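There's a structure below that I have some questions on.
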Amino acid sequence: MNMINMQRRMIITLSIFCLSFFVGWGVEAAEIIDHTAAISSFWGGSSVDVLISVDDSIYLGNAVAFARYDVVTGTVTDLSSLWNGGVESFAYDSTNDVLYIGASDAQFVKYDIATNTVTDLTSAIGSFWSGGDIYALAFDAGNNIIYLGGVNSLDSTRFVRYNINTGIAKNLTGYIISDMWTHDGVRVLAFDNASGDVYAGGGSGSYEARLVKYHKPATEDNEAEMAAFTDLTPEIDFFGSSEISTLAINPSNGLMYMGIRWDMGTYNLSTGAVTEILSVDAADMKRFAIDTGSQNLYIGGYAGSNNGYDTFAQYDIASDTYTDFSNELAPYWSADYSSLVSSIVFNEASGSVFLGTSDDGTGYGFFEYGETSPPVTPFTHTQSLSATIQETMTLSCGSDIDLDNSTILIPQTP
């Protein structure tokens, strides 16, 4: 065998060898990453109640704390001192780079991300919303409107529209109280950008599920406002006595996903058709997060008595299949009835799902669920073997190889 053929065989063998290592080290399966320690020095309370994803940041909140987590650097900034309230709900205005925040005692503020300042807007709603909780916010970018949902201090339902241009709020509660909603409050809001409709979900009396659609009328007189509401509660009678706790709109298929304690369904935003999803029957659902790219819906909920229900799961929309990931959280909490995924959000920048948790045994938790890839930097080297033979290799192993008096340095992979 001549020298050129020997070198050619060596190069081909090494290329295959290195490729096998690159495939083996390149991508790991999704796993839970515990970020709780990053917030433990300042976080108060026993839970991480609400999360929102804004570009490469996750904002966290509860009744006494507010913070920002950078998904790129892994650093956390404590924002709790900016005002003396907590966080129960978020809505993001991407045009002005502003976070709107709803909190207990009917506090309503906006946080300017660029200037790191807070402006208190509570006085705009104070005349008709005294005490209680702002459980939900939704932003209508087309009309520059924030919708607020919750209860007042007497546990009476509140539904309000706030114009960010004028600073004027309008109480819309009276239009849904009479026949649609008596008390227990709006627990969740979802805004459909395609239609301009906002959906309000929750419960009324004995936790009976309630779902209402509202479309802002061109005129704001009483008759027009009354006509702007549609009671969808009769369409979701299969939900029974449990309140709607979470909503998620999927623009890719035109469906809104609805979750209650032990059931899940969809509402077709175009036709109004309602469908119960029978493949999901094990979760005590409290929160949804949707990844529109992969068409996966992530579900967070209670563990339930004897850990009988799923706390964290994935519903594959395309295949209509359900996968329970609860065991991934098992090492981090007591997994009794108190264990709860209290907040969940998908972050597009990192491709990960972030979860906030509550547990009587272990306290609060902040976790990331996603794929991890150790740094691997393959490169291409072209080694001239003769005037007529040339080989190109992609290598990522850890050694030095001497071929034809030339040294090829191959980077070490962890």
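What's the number of the only condition in (1) out of contact with any His (no Cβ under 8 Å at 6 or more places or on another chain); (2) without any contact (Cβ under 8 Å) to a residue 60 or more places away in the chain; (3) not in a strand (DSSP E or B) that Gly74 fails to meet?
Gly74 satisfies every listed condition except (1).
Output the residue which, of all residues in segment 199-225 that are part of a loop (DSSP other than H, G, I, E, B), on the phi < 0 side of the Ramachandran plot and not β-branched (Val, Ile, Thr), is surrounded by the fewest Cβ atoms within 10 Å (Cβ to Cβ).
Applying the filter and picking the extreme gives Ala218.
Determine whether Ala37 is open to solvent by 10 Å² or more (accessible area, probe 1.4 Å), touching a Gly at 6+ places or on another chain (Cβ under 7 Å), of a type outside the set (Phe, Trp, Tyr) and within 23 Å of Ala330 (Cβ to Cβ).
Here the answer is no, as Ala37 does not meet what is asked.
Still on this structure, please answer the following. Could you grab me the full set of residues in segment 101-111 that are aromatic (Phe, Trp, Tyr) and either open to solvent by 10 Å² or more (accessible area, probe 1.4 Å) or within 15 Å of Ser57 (Cβ to Cβ) (or both)?
Matches in segment 101-111: Tyr111 only.
Now a separate question. Look through segment 324-347, keep the residues that are assigned to a strand (DSSP E or B) and at pLDDT below 90, and return whichever of them is farthest from Ser252 (Cα to Cα).
Going residue by residue through segment 324-347, those that are assigned to a strand (DSSP E or B) are 324, 340-347.
Keeping just the survivors that are at pLDDT below 90 gives 324, 340.
Details: Asp324: 24, Leu340: 29 Å.
Checking each candidate, the answer is Leu340.
With (1) out of contact with any Gly (no Cβ under 8 Å at 6 or more places or on another chain); (2) of a type outside the set (S, T, N, Q); (3) more than 30 Å from Ala218 (Cβ to Cβ); (4) surrounded by fewer than 18 Cβ atoms within 10 Å (Cβ to Cβ) as the list, and Pro251 as the residue in question, which single condition is left unmet?
(3)
Can I ask one more? Being open to solvent by 20 Å² or more (accessible area, probe 1.4 Å), aromatic (Phe, Trp, Tyr) and either touching a Leu at 6+ places or on another chain (Cβ under 6 Å) or in a loop (DSSP other than H, G, I, E, B) (or both) is the requirement here; does Tyr92 meet it?
In short, yes.
How about segment 104-121: which of its residues are in a loop (DSSP other than H, G, I, E, B) and either out of contact with any strand residue (DSSP E or B) (no Cβ under 6 Å at 6 or more places or on another chain) or on the phi > 0 side of the Ramachandran plot (or both)?
From segment 104-121, those in a loop (DSSP other than H, G, I, E, B) are 105-107, 113-116, 121; that's our starting set.
Matches in segment 104-121: Asp105, Ala106, Gln107, Ile113, Ala114, Thr115, Asn116.
Determine whether segment 173-186 contains at least one residue that is modelled with pLDDT under 95, under 24 Å from Gly272 (Cα atoms) and assigned to a strand (DSSP E or B).
For segment 173-186, residues modelled with pLDDT under 95, under 24 Å from Gly272 (Cα atoms) and assigned to a strand (DSSP E or B): present.
Which residues, taken from segment 72-89, are buried (at least 20 other Cβ atoms within 10 Å of the Cβ), more than 16 Å from Asp140 (Cα to Cα), of a type outside the set (Asp, Glu) and under 21 Å from the mean Cα position of the chain (by Cα)?
Keep residues of segment 72-89 that are buried (at least 20 other Cβ atoms within 10 Å of the Cβ), which gives 76, 79, 85-89.
From what is left, the residues that are more than 16 Å from Asp140 (Cα to Cα) are 76, 79, 85-88.
With the extra rule that they be of a type outside the set (Asp, Glu), the set shrinks to 76, 79, 85-87.
Within segment 72-89, Val76, Leu79, Gly86, Val87 meet the criteria.
So for segment 226-244 (the condition being under 24 Å from Lys110 (Cα atoms), open to solvent by 40 Å² or more (accessible area, probe 1.4 Å), in contact (Cβ under 8 Å) with a residue 24 or more places away in the chain and assigned to a loop (DSSP other than H, G, I, E, B)), does at least one residue qualify? Even if it seems obvious, please write down each step before you answer.
Residues of segment 226-244 that are under 24 Å from Lys110 (Cα atoms), as a first pass: none.
Within segment 226-244 (the criterion being under 24 Å from Lys110 (Cα atoms), open to solvent by 40 Å² or more (accessible area, probe 1.4 Å), in contact (Cβ under 8 Å) with a residue 24 or more places away in the chain and assigned to a loop (DSSP other than H, G, I, E, B)), the answer is no, since none of the residues qualifies.
Okay, next question. Go through segment 195-226 and count every residue that is of a type in the set (A, V, I, L, M, F, W, C) and out of contact with any strand residue (DSSP E or B) (no Cβ under 9 Å at 6 or more places or on another chain).
Going through segment 195-226 one residue at a time, the tally reaches 3.
Would you mind stating whether Ser195 is out of contact with any Ser or Thr (no Cβ under 8 Å at 6 or more places or on another chain) and not acidic (Asp, Glu)?
Spelling it out, Ser195 is indeed out of contact with any Ser or Thr (no Cβ under 8 Å at 6 or more places or on another chain) and not acidic (Asp, Glu).
To continue, here is another question. Filter segment 21-54 for residues that are assigned to a strand (DSSP E or B) and among the hydroxyl-bearing types (Ser, Thr, Tyr); which is modelled with the lowest pLDDT?
Ser47
Moving to a separate point now. Can you tell me which residue within segment 192-225, out of those that are β-branched (Val, Ile, Thr) and in contact (Cβ under 8 Å) with a residue 12 or more places away in the chain, is farthest from Tyr147 (Cα to Cα)?
So, considering only residues that are β-branched (Val, Ile, Thr) and in contact (Cβ under 8 Å) with a residue 12 or more places away in the chain, the one farthest from Tyr147 (Cα to Cα) is Val212.
Need the failing condition index for Asp97 against (1) more than 22 Å from Ser350 (Cβ to Cβ); (2) open to solvent by 10 Å² or more (accessible area, probe 1.4 Å), just the number.
(1)
Collect the residues in segment 348-376 that are assigned to a loop (DSSP other than H, G, I, E, B) and either surrounded by 15 or more Cβ atoms within 10 Å (Cβ to Cβ) or modelled with pLDDT of 80 or more (or both), keeping them in residue-number order.
Glu348, Ala349, Ser350, Gly351, Asp359, Thr362, Gly363, Tyr364
Going through segment 188-219 one residue at a time, which ones are among the charged types (D, E, K, R) and either under 24 Å from Leu278 (Cβ atoms) or at pLDDT below 85 (or both)?
Within segment 188-219, Glu208, Arg210 meet the criteria.
Yes or no: segment 153-167 includes at least one residue that is modelled with pLDDT under 90, under 20 Å from Ile101 (Cβ atoms), not in a strand (DSSP E or B) and not hydrophobic (A, V, I, L, M, F, W, C).
Yes: segment 153-167 contains one or more residues that are modelled with pLDDT under 90, under 20 Å from Ile101 (Cβ atoms), not in a strand (DSSP E or B) and not hydrophobic (A, V, I, L, M, F, W, C).
The values are calculated or read from the model by the stated rules, or taken from the named source; none is laboratory data. Please read these numbers as outputs of a predicted model, since none were measured by experiment. Every residue, glycine among them, receives a Cβ derived from its backbone with ideal geometry; neighbour counts consider all protein chains shown. Accessible surface areas use protein heavy atoms only, side chains included; no ligands, DNA or RNA. Shrake-Rupley method; radii C 1.70, N 1.55, O 1.52, S 1.80 Å.
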